Amino acid sequence: MRQASDRPRASRPGQAIERAAKKGNGATGDPTAPSTQPSKVTPGAPIEPIVQPAQPAVKLVGVAKAFGKNSVLKDVHFTIGSGELVEVTGPSGSGKTTLLRLVHGQMRPNAGQVWVQGRGLHRWWRRGLGQIRRDVSFIFQEQRLLPRLNALENIILAIQVVDPQIPYRTIKERAVAALESVNLGSRRRAYPHQLSAGERQRVAVARALATRPRLVLADEPLHSLDDHNAELVSKLLEGAAAGGATVIIASHRHSFPASRVLRLPSAKVMVSRKAGLNGNGHKNGLTNANHNGHSNRNVPSLSIRSLWRIVIPAHERIHKPSAQTAQPPLWRRLVAQSANSYRLTVLGGLRSWSRDVHLTMPVLGTIALLLVLCGTLALAGIALEKVVALQADQASLVRVYLASDATPDSTAALKAKLAADSRVASVTSISPEQALAEAAKRPGLSNLASLNSANPFPASLDVRVKQVTQVAAVAATVKGDPAVDPTYPTSYDPDTYSRLRHFAVVAAAIGAGILLLFALVAYAVVANSMRGIAASRRHEVAITRLLGARGWMLRGPFVVEGLMTGALAGALAAAVVGGVWLVAIRFESAIYAQLLPGVDATSVQYVLAAVITAGLVLGTATAVLGFRRSRA
């Protein structure tokens, strides 16, 4: 190797001679640098347009990174062209992984600039970070496979995240081909804990290359691999570069035919003399020594692309396709995206819910208990509102009970007396048969009447007073009349309404206190359960974010889980509330009292619908809070 540098240098003696020599062949030390040879213009000939230099895939300018007082990277300058394969080498702790994480956008530098695909990742507001992660595949040293998915599902998820508009059949075929390319086709159904360290590493390589990225970041990709599989992975990474992807490999020592090597912590750029090819299968533009010490620049050699095609059959290749590949019609892409969205959100959420059912059961039970209490109080509130409304309507109505020996003349005189009173609006005669028929409509009174063969209800006069404040005065005028029952003259009770108001206030206070207590208990239980769910899902969410998942891909499964939990809790609570109403209706006739007066089937249906809706809302809110906690 020999040293090269991407840093701008001041003019020095002999630089003019080098510049003059480079004009003859247009060679530079940087494979991405354009030719500086001026074009000759012939008079009368058409002027050719000036070709702009290609934008580098990665550009580091004065990058520095420190963790506290420990400086890991310092003043790193490096530019990597598209399709180039480079290595970052150095001892442990020299900053190789940190450099890759900076390029992947997992952290920001303390100083300097990081440009990836023309986007600045050194800025505080990093636009397009998700798109960059979908274009950049990271082969982690610790693999970072999703433990709940098998090897094939891990690769399928990565492809769906990167491009959800690919049909699922194509995604599955590509995932199977990726596993077969690393000799793991027979282990596609194995979960990460069932794989060895080397097998997990190969699955991670297959997952990274199956997405056909523009940039591949490999952190110790040969770690835990034997010689055979290490050679296989090396050929895959070289083939990815041959297919047009930029490949950056971090390793302890120089192990790949890279065009250039960045040595850390010195940040020196070394140009390889061993390989006459860069990662794109073209010559470096740098002289390479042969065995005789002469230049082999003009000696033909086999390209990495051709070598990769020999090692891996065509049906197993996973390199990036040509840009001219025709895309399917828009409607096919929309259908594929809808199908993949359904698999990622709905099916993924249901699968996660079933696997986390031991964590969601406390949440489900707490929400259901809270909804049962709320539904029961709602029924009691409706009954109380009906009773208050009925009592308010009957407040101006006084029933005057007639004596059993009252004659028709005395009854007619009493009726005429009341009708002539200016405070009375109307007087209606009620016969014992009418009173019996009215009582039969009330729970328990019909059974009470059947205990005696005679009609226990007397005749009466229903007197409606114009103003409620005059009810007591009208009721006092009928006392002592010969037609009125002396033992129980009227239905007027001066303490009835005050007791009703007192009961309503006390019941409302008790209900509010119970609701507040249960709300506090529910919040505590739900918060603890969400912490457990967030802890179990934090690793999964982090990996999916690093794969470049969009927001709805991360949030969707949590929402589905919340809807599932809320729906079950609401259905359970609705069943209990409906059973309470049925039991109350069943025992009204046995206890001679109406437990829920005015609460009919229609009112119960509205209450049950509200309970289920509240369950869906609470479940979704709980899941979203858990997602935010796990994402943080």
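The values are calculated or read from the model by the stated rules, or taken from the named source; none is laboratory data. Just so it is clear, the structure is predicted and the values come from calculations on it, not from any experiment. With ideal geometry, Cβ positions are generated from the backbone for all residues, glycine too; neighbour counts draw on all protein chains shown.
Okay, residues lined up against (1) over 26 Å from LYS65 (Cα atoms); (2) modelled with pLDDT under 90:
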site: PRO167; (1), (2): yes, no
site: ILE171; (1), (2): yes, no
site: GLU180; (1), (2): yes, no
site: ALA230; (1), (2): yes, no
site: GLU238; (1), (2): yes, no
site: ALA250; (1), (2): no, no
site: ASN280; (1), (2): yes, yes
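Among the residues of segment 550-569, which ones are crowded, with 24+ Cβ neighbours inside 10 Å and of a type in the set (A, V, I, L, M, F, W, C)? Explain how you work it out, then say what you get.
Residues of segment 550-569 that are crowded, with 24+ Cβ neighbours inside 10 Å, as a first pass: 557-558, 561-562, 565-566, 569.
Hits for segment 550-569 are PHE558, ALA569.
Please go through segment 362-372 and pick out each residue that is buried (at least 18 other Cβ atoms within 10 Å of the Cβ) and either in contact with a helix residue (DSSP H, G or I) (Cβ under 6 Å, 6 or more places away or on another chain) or without any contact (Cβ under 8 Å) to a residue 40 or more places away in the chain (or both).
Let us first name the residues in segment 362-372 that are buried (at least 18 other Cβ atoms within 10 Å of the Cβ), namely 363-364, 366-372.
Selection gives VAL363, LEU364, THR366, ILE367, ALA368, LEU370, LEU371, VAL372.
Does VAL269 satisfy the condition of being among the β-branched types (Val, Ile, Thr), modelled with pLDDT under 90 and in a strand (DSSP E or B)?
Details: among the β-branched types (Val, Ile, Thr): yes; modelled with pLDDT under 90: yes; in a strand (DSSP E or B): yes.
Yes.
Can you tell me which residue among ALA542, ALA534 is outside any loop (DSSP other than H, G, I, E, B) and free of Cβ contacts under 8 Å to residues at least 12 places away in the same chain? Show your work before the answer.
Values: ALA534 fails: free of Cβ contacts under 8 Å to residues at least 12 places away in the same chain.
Result: ALA542 is the single residue among ALA542, ALA534 that is outside any loop (DSSP other than H, G, I, E, B) and free of Cβ contacts under 8 Å to residues at least 12 places away in the same chain.
Is segment 124-137 home to any residue that is part of a loop (DSSP other than H, G, I, E, B), over 27 Å from the mean Cα position of the chain (by Cα) and either more than 19 Å from HIS77 (Cβ to Cβ) or of a type outside the set (Ser, Thr, Tyr) (or both)?
Residues of segment 124-137 part of a loop (DSSP other than H, G, I, E, B): 124-128.
Retained after the next criterion (residues that are over 27 Å from the mean Cα position of the chain (by Cα)): none.
The answer is no, given that none of the residues of segment 124-137 is part of a loop (DSSP other than H, G, I, E, B), over 27 Å from the mean Cα position of the chain (by Cα) and either more than 19 Å from HIS77 (Cβ to Cβ) or of a type outside the set (Ser, Thr, Tyr) (or both).
Which one of VAL576, VAL521, VAL599 is modelled with pLDDT under 90, part of a helix (DSSP H, G or I) and not polar (S, T, N, Q)?
Working: VAL576 fails: modelled with pLDDT under 90; VAL599 fails: part of a helix (DSSP H, G or I).
None of the other options fit; the residue is VAL521.
Test VAL216 against the criterion of being over 26 Å from the mean Cα position of the chain (by Cα), in the same structural domain as GLY93 (by TED's automatic domain parsing) and not in a strand (DSSP E or B), and give yes or no.
Values: over 26 Å from the mean Cα position of the chain (by Cα): yes; in the same structural domain as GLY93 (by TED's automatic domain parsing): yes; not in a strand (DSSP E or B): no.
So VAL216 fails the test.
So, in segment 448-469, how many residues would count as being at pLDDT 85 or above and among the hydrophobic types (A, V, I, L, M, F, W, C)?
Adding up the residues that qualify gives 4.
Collect the residues in segment 564-619 that are among the hydroxyl-bearing types (Ser, Thr, Tyr) and either out of contact with any helix residue (DSSP H, G or I) (no Cβ under 9 Å at 6 or more places or on another chain) or without any contact (Cβ under 8 Å) to a residue 12 or more places away in the chain (or both), keeping them in residue-number order.
Here is the first cut: in segment 564-619, the residues among the hydroxyl-bearing types (Ser, Thr, Tyr) are 565, 589, 592, 602-603, 606, 613.
Selection gives THR602, TYR606.
How do the pairs read when you match residues in segment 457-485 that are part of a helix (DSSP H, G or I) with residues anywhere that are polar (S, T, N, Q), using Cβ under 6 Å and keeping only pairs 6 or more apart or on different chains?
Partner pairs satisfying both residue conditions: VAL468/SER396; ALA475/THR490.
Within segment 405-443, can you find the residues that are within 60 Å of the chain's Cα centre (by Cα) and surrounded by fewer than 17 Cβ atoms within 10 Å (Cβ to Cβ)?
Answer for segment 405-443, where residues must be within 60 Å of the chain's Cα centre (by Cα) and surrounded by fewer than 17 Cβ atoms within 10 Å (Cβ to Cβ): GLU438, ALA439, ALA440, LYS441, ARG442.
Looking at (1) at pLDDT 90 or above; (2) crowded, with 17+ Cβ neighbours inside 10 Å; (3) not small (Gly, Ala, Ser), can you tell me which one LEU334 breaks?
(2)
Taking segment 203-240 on its own, how many of its residues are within 25 Å of GLN131 (Cα to Cα) and either free of Cβ contacts under 8 Å to residues at least 60 places away in the same chain or in contact with a helix residue (DSSP H, G or I) (Cβ under 7 Å, 6 or more places away or on another chain) (or both)? Full working, then the answer.
Step one: list which residues in segment 203-240 are within 25 Å of GLN131 (Cα to Cα), which gives 203-221, 236-240.
Cutting the leftovers down to either free of Cβ contacts under 8 Å to residues at least 60 places away in the same chain or in contact with a helix residue (DSSP H, G or I) (Cβ under 7 Å, 6 or more places away or on another chain) (or both) gives us 203, 205-207, 209-211, 213-219, 221, 236, 238-240.
The qualifying residues number 19.
Restricted to segment 337-364, and to residues that are modelled with pLDDT of 90 or more and among the polar types (S, T, N, Q), which residue is farthest from ARG550 (Cα to Cα)?
The selected residue is SER338.
Is at least one residue of segment 219-236 in the same structural domain as THR170 (by TED's automatic domain parsing), under 26 Å from ARG119 (Cα atoms) and part of a helix (DSSP H, G or I)?
Within segment 219-236, none of the residues are in the same structural domain as THR170 (by TED's automatic domain parsing), under 26 Å from ARG119 (Cα atoms) and part of a helix (DSSP H, G or I).
To keep it simple, each residue is scored yes or no on (1) modelled with pLDDT of 50 or more; (2) farther than 18 Å from SER266 by Cβ.
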residue	(1), (2)
SER11	no, yes
ARG19	no, yes
PRO43	yes, yes
GLY68	yes, yes
SER71	yes, no
ASP75	yes, no
GLY81	yes, yes
MET107	yes, yes
ASN110	yes, yes
